[in-house]
Every structure is written in structure tokens, then in C-alpha cells.
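A short write-up of the structure that comes next.
Any read-out appearing in this document is the output of simple, stated calculations on the displayed coordinates, not a laboratory observation. From a predicted model like this one, the values you see are computed outputs, not experimental measurements. Neighbour counts run over all protein chains shown; Cβ positions are idealised from the backbone, glycine included.
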């Protein structure tokens, strides 16, 4: 039976999110996954909550989004709590979650890391998820 995959993407930076979705979707389709669910959330902080609410319906998740450093400690708090939340869900529920949440110092860096022809962090997250399925 084919694994059911859900992409949860934060849309706080829509152009970066679009790039991440394109990269992840391309890798999934190349590997035979045509029907995967996409859930859009406002920001990365909401990703672990949505994964937790849907964890029993899917075999794996891909978390996509971007956090750009500003002038306050908000960047560190959001990044750390989101990544810890995702890791706790993966370990507690023994379910693979590909992490494609990029943390950057500026928008230029984020655009490069989300770009399919450059860093393709969305594709990397999808490949990571698929590699765990094979183990």
C-alpha cells in the first residue's frame, strides 16, 4: 500500500513557501506519490499543532516554512520551539517528518535556500522523508 503523505506549509512568506512546495512536490511526484495532501498554516509555529491534529491519518509529513531573523529574540524562540515540537512528534509517534523549515538571516538568503536550482530545501525535506520510509 502506498504511504499517505501530508505537507504542512507556513505561508508567512508566500513566495518562499511556493518555492519550498514546488521542490517537495517535484521529489514526491518523481517517486510515485501523486496524491498528497497540503495544509497551509499562517506561520511555522502552527506546524507542530497541525501535524499533531492529523498524525493518525498520515504515514509521514513534510514541514515547510521560513523564519527570518529580525531585531528581537523572537527568531530564536519560534525556531527552537517549532523544531523541538516537530522532533517530539516524530519520536513520540514514531512517524517520519521531513523538516524543510528554513531559518535565515535575511530574505535574500531565504530565497536562495528555497530555490529549486540552488539549495532546494523543500526537495531535501521530501528526500529525507522518503529515505526514512525505506529504512
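Quick notes
- Here r is the Cβ-Cβ distance between residue 4 and residue 88 and R0 is 25 Å; the resulting FRET efficiency, rounded to 0.05, is 0.70.
- Summed over qualifying helices (DSSP H, 4 residues or more, each -39500 (n - 2.57)) and divided by its residue number, the chain shows a 222 nm mean residue ellipticity of -16000 deg cm²/dmol.
- Computed over the stretch 9-135: relative contact order in percent, which uses C-alpha pairs under 8 Å that are six or more apart: 36 percent
- A straight chain from residue 95 to residue 134 at 0.36 nm per residue would run longer than the Cα-Cα distance by 12.8 nm.
- Rounded, prolate or oblate (a/c below 1.5 giving rounded, otherwise prolate when a/b exceeds b/c) for the chain by Cα gyration tensor: oblate
- Residue of 123, 32, 65 that the Gaussian network model of the chain assigns the largest fluctuation, springs spanning Cα pairs under 10 Å: 32
- Potential lengthening between residue 57 and residue 35 on full extension [0.36 nm per residue; Cα-Cα distance subtracted]: 6.5 nm
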